[in-house]
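The values are calculated or read from the model by the stated rules, or taken from the named source; none is laboratory data. Keep in mind that what you see is a predicted model, and the values were worked out from it rather than measured. In this analysis, Cβ positions are derived from the backbone assuming ideal geometry, glycine residues included, and neighbour counts consider all displayed protein chains.
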Amino acid sequence: MAITKSAKKALRQSKRRKIFNDRRTRTMRDVIRLLRTPEGKTAENLRLAYKAIDKAAKTGVLKKNTASRKKSQLARSMKNK
């Protein structure tokens, strides 16, 4: 357990960031999962997936190249409906 005042604050920050990161990841995964279903393959869902992936990359949940790869794979899967 944290002893110093700064360590306690760091622990609070870490917990708060984990909640935000988990929420961002869950949103991204839900949209991607929806996009992988046959009835979910729409341009609107692809747009939402791109938005979720970009936000995850922007906030540091995903690395830049990982986000790019995910977007590329989704675009390719849409092409092969």
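Tabulated data for the structure shown
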item: Flag for V61 being in a loop (DSSP other than H, G, I, E, B), of a type outside the set (G, A, S) and in contact (Cβ under 8 Å) with a residue 12 or more places away in the chain; result: yes
item: Long-range neighbours under 7 Å by Cβ, at least six apart or interchain, first residue closer than 13 Å to I53 by Cβ within the range 19-34, second loosely packed, with under 15 Cβ neighbours inside 10 Å; result: R24/T59
item: Boolean, A67 is modelled with pLDDT of 95 or more, in contact with a helix residue (DSSP H, G or I) (Cβ under 6 Å, 6 or more places away or on another chain) and of a type in the set (A, V, I, L, M, F, W, C); result: yes
item: Filter result (of a type outside the set (S, T, N, Q), assigned to a helix (DSSP H, G or I) and surrounded by 15 or more Cβ atoms within 10 Å (Cβ to Cβ)) within the range 17-50; result: R24, M28, V31, I32, L34, L35, G40, L46, L48, A49, Y50
item: Residues of the range 64-81 classified as surrounded by fewer than 18 Cβ atoms within 10 Å (Cβ to Cβ), free of Cβ contacts under 8 Å to residues at least 24 places away in the same chain and in a helix (DSSP H, G or I), total; result: 10
